[in-house]
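Below: the structure, in structure tokens.
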Amino acid sequence: MKSFLGHRLLAFLVRAGLAFTIHAVRADEKPMMKAVVAHQYGAPEVLKFEEVPQPEPKEDEALVRVIASGVNPADPLTLSGKYAREWDTHLPLIPGYEIAGIVEKAGAQVTTLKKGDAVYGYPTFGGGWAEYVTAKEWEVAAKPRSLTFAETAAVPMGALTAWQALVNVAHLQPGQTVLIHGGSGGVGSFAIQIAKAQGARVIATASTTNQDLLKQLGADVAIDYTKTKFEDTVKDVDAVLDLVGRETLARSYGVVKKGGIVLDLVGRPDPAELEKHGIRGVAIWVRPDAKDLTQIAHLIDAGKIKPIVTQVLPLTHHTRGKVVLRIADEPKS
């Protein structure tokens with residue numbers, strides 16, 4: 001998360017020491033819950049800790065008791081109102097697009113989820129920074145058994161973005177080479193591991209302080225972008241996953257082999273450059289997908305993917321891994 005607003009949001013949450021407690025409700029009362037709510041678009045200061053009505057799941061939804069929820073770039077963007085029209089968000093707004101929790105109730109049309117199931121996922125319209133959230137059947141999947149709920153909450157959006165880009169779009173194959181810009185971030189850290197799980201050779205860029213992390217994640221070649229221009233050493237890759245944009249994207253076209261692909265998360269590849277180099281380009285938009293989440297969970301439980309979670313807001317410009325909010329105590333097994 002690189003925006004100033006993003007840092008302010010994380011700082012706000014860290015200072016707040018966000019903690020929720022489950023409270024009893026009398027039989028004659030409408031169920032209420034604690035949540036982080038915004039009644040207007042703006043900076044993190046518009047967020048309020050409030051008691052609000054607990055959502056009631058529709059027939060095709062499940063009610064999930066949230067144990068943990070991730071913090072990612074979608075939250076400050078939604079909070080700012082920048083994508084209100086495109087994403088059809090409305091006020092009051094509860095952020096939180098990554099959840100890990102337990103199914104409390106399932107609608108009549110839900111066939112794959114039942115009360116007591118441990119799940120994780122990406123609710124399309126957020127709502128994860130609360131004690132309860134509703135989710136469609138296709139937005140969540142069984143939680144990885146090998147992770148805690150807090151660790152799991154760091155997975156959905158970052159891992160889905162990387163998976164959908166490298167597996168679903170690029171169809172990365174064993175023996176191919178991928179260049180990943182921003183390999184130490186929330187998406188990049190998953191992208192390196194997913195690419196390795198696909199049998200690809202991985203070249204990743206990051207700052208000086210994150211070179212060791214790139215290697216720990218499995219990068220075959222780690223490039224310090226503050227000291228080395230990647231285009232001086234990288235040639236003929238099959239795919240580029242760009243998580244940085246602008247100048248980095250502009251310099252990436254020339255390192256892709258003919259017939260290769262540029263996958264961009266923060267902009268749109270230039271059609272003229274794509275045609276000039278004989279390559280493809282795709283702007284990546286993540287979407288909830290239970291099948292993808294299930295595949296990712298299998299790789300996690302197989303020890304091939306792990307989330308990088310930090311509870312401390314770094315002083316540097318780039319976040320390292322993910323920040324997670326603990327909504328409730330981890331259930332005892």
Helices (runs of 4 or more DSSP H) fully within region 112-205 counting 2 or more residues that are touching a residue at least 60 places away in the same chain (Cβ under 8 Å) and surrounded by fewer than 23 Cβ atoms within 10 Å (Cβ to Cβ)
149-152, 186-197
Is it true that residue 35 is of a type in the set (A, V, I, L, M) and within 21 Å of residue 100 (Cα to Cα)?
yes
Considering only residues of region 292-306 that are in a helix (DSSP H, G or I), of a type outside the set (Gly, Ala, Ser) and in contact with a Phe, Trp or Tyr (Cβ under 8 Å, 6 or more places away or on another chain), which is nearest to residue 146 (Cα to Cα)?
296
Per the filter on region 8-48, residues under 21 Å from residue 132 (Cα atoms), open to solvent by 40 Å² or more (accessible area, probe 1.4 Å) and modelled with pLDDT of 90 or more are 31, 32, 34, 39, 48
So which pairs qualify, if the first residue must be in region 55-75 and basic (Lys, Arg), the second must be part of a strand (DSSP E or B), the Cβ gap must be under 8 Å, and the two must be at least 6 apart or on different chains?
58/134; 65/101; 65/102; 65/103; 65/104; 65/132
So in region 85-99, with the set limited to residues that are outside any loop (DSSP other than H, G, I, E, B) and out of contact with any strand residue (DSSP E or B) (no Cβ under 8 Å at 6 or more places or on another chain), which one is farthest from residue 286 (Cα to Cα)?
85
Verdict on residue 158 being closer than 10 Å to residue 64 by Cα and touching a Phe, Trp or Tyr at 6+ places or on another chain (Cβ under 9 Å)
no
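The values are calculated or read from the model by the stated rules, or taken from the named source; none is laboratory data. Worth saying up front: this structure is predicted, and the values here are computed from it rather than measured. Cβ: placed from backbone, ideal geometry, glycine included. Neighbour counts: every protein chain shown. Note: areas computed on protein heavy atoms with side chains; ligands, DNA, RNA excluded. Shrake-Rupley method; radii C 1.70, N 1.55, O 1.52, S 1.80 Å.
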